[in-house]
Amino acid sequence: MVNIAVLVSGGGTNLQAILDAQARGEIKNGQVCAVVSSSDKAYALERAKNAGVPGYVMKKKDYPSGAAYCEALAQFLKEKDIGLVVLAGFMTVLDESFCKAFENRIINVHPSLIPSFCGDGFYGLHVHEAALAKGVKVTGATVHFVNAVTDGGPIIAQRAVDVEPGDTPEVLQKRVMAQAEHILLPRVVSLFCEGRLSVSDDGIVTITE
């Protein structure tokens, strides 16, 4: 059984999608055993409590540097015997040492079809604002492994979502969440826990049957 930690900063809708999938028995060979928030005001902590999952708060400002924060977080997760780290709206950048400590064991969901609208500065509504400004007809979500390059890790899965006339960033965000993020992320979590994901030397992810 793979111990899963979900890292959050805000409302936790993607966390809820994972918890709901777990309750339905769809997360095979895995169990969410910790939710770590970078803010003590994150509603995600309430979601964790309601699901009976321990919630923890680790604020970056409580540490002398970003490196010290990442080191403390990595140590905490190792003490909890975490096998998979899921970033679900986690707004704190993780440094290279953290990414190396959990290489190919950290996944993130990003609200676009990478390599479009990704990288530094592309998060939350900014992604959907950029997509609408560009006039794209299709957007979506990507789940990928995390490395030291923002949104630069190996792509695991993607799901497309249509952009509709009259969309605002807020409306598009909700559609991408409902039609892509909340479907893809729990599925990939289960694939990882089932041992069905592998990464080649050139960074290509293979999903085995």
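Residues of region 18-41 with an amide N closer than 11 Å to a point placed 7 Å from the Cα of LYS59 along the Cα-to-Cβ direction: 38-41. Taking the charge dipole of region 46-180 about its Cα centre, with +1 at Lys and Arg Cβ atoms and -1 at Asp and Glu Cβ atoms, the residue from GLY66, LEU87, GLY152 reaching farthest to the positive side is LEU87.
Can you give me the P(r) profile for region 68-174? Cα pairs, bins 5 angstrom wide beginning at 0, each as a whole percent. Whole-percent P(r) values from 0 Å outward: 2, 12, 23, 21, 15, 11, 8, 5, 2, 0.
GNM on the chain, alpha-carbon springs under 10 angstrom: the most fluctuating residue among ASP95, ASP162, ASP120 is ASP120. Here region 1-78 is assigned +1 on the Cβ of each Lys and Arg and -1 on the Cβ of each Asp and Glu. Its dipole about the Cα centre then comes out at about 40 debye.
Roughly how many debye, to the nearest 20, is the charge dipole of region 1-150 about its Cα centre, given +1 on each Lys and Arg Cβ, -1 on each Asp and Glu Cβ, and no other charges? Could the numbers behind the result be given before it?
Working: 14 positive and 13 negative charges, 53 e Å.
The calculation lands at about 260 debye.
Comparing PHE117, PHE90, PHE76 in a Gaussian network model of the chain where C-alpha atoms under 10 Å apart are linked, the largest mean-square fluctuation is found at PHE76.
Once the Cβ-Cβ distance of ASP201 and ALA67 is raised to the sixth power relative to R0 = 30 Å, the FRET efficiency obtained is 0.60. At a probe radius of 1.4 angstrom, the accessible area of the chain per residue rounds to 48 square angstrom. With 10 Å bins beginning at zero, the pair-distance distribution over Cα atoms of region 7-48 amounts to 31, 52, 17, 0 %.
Take the convex hull of the alpha carbons in region 56-104; its mean projected area over all directions comes to 3.5 nm². Surface composition of region 1-142: carbon plus sulfur atoms contribute 50% of the solvent-accessible area (1.4 Å probe, protein chains only, all chains present). Separation of region 59-74 from region 91-138 is 22 Å, based on Cα centroids. Evaluated with a Cβ-only charge set (Lys, Arg +1; Asp, Glu -1), region 88-202 carries a dipole of roughly 320 debye about its Cα centre, given to the nearest 20.
Between GLU170 and ILE183, the modelled labels are 2.5 nm apart [label points 7 Å from Cα along Cα→Cβ]. For the chain, DSSP calls about 45 percent of its internal beta bridges antiparallel. In summary, the lysines within cross-link reach of LYS61, defined as a Cα separation below 16 angstrom excluding same-chain residues under 8 places away, comprise LYS41.
Let me make sure I get this right: for region 25-126, a, b and c are the square roots of the gyration tensor eigenvalues over alpha carbons, sorted descending. Under 1.5 in a/c it's rounded, otherwise prolate if a/b > b/c, else oblate. Which is it? Rounded.
The values are calculated or read from the model by the stated rules, or taken from the named source; none is laboratory data. Note that the coordinates shown come from a computational prediction; the quantities given were computed from them, not determined experimentally. Glycine gets a Cβ as well: all are built from the backbone with ideal geometry, and neighbour counts include every protein chain shown. Quick note on the areas: whole protein, heavy atoms, side chains included, nothing else; ligands and nucleic acids left out. Shrake-Rupley method; radii C 1.70, N 1.55, O 1.52, S 1.80 Å.
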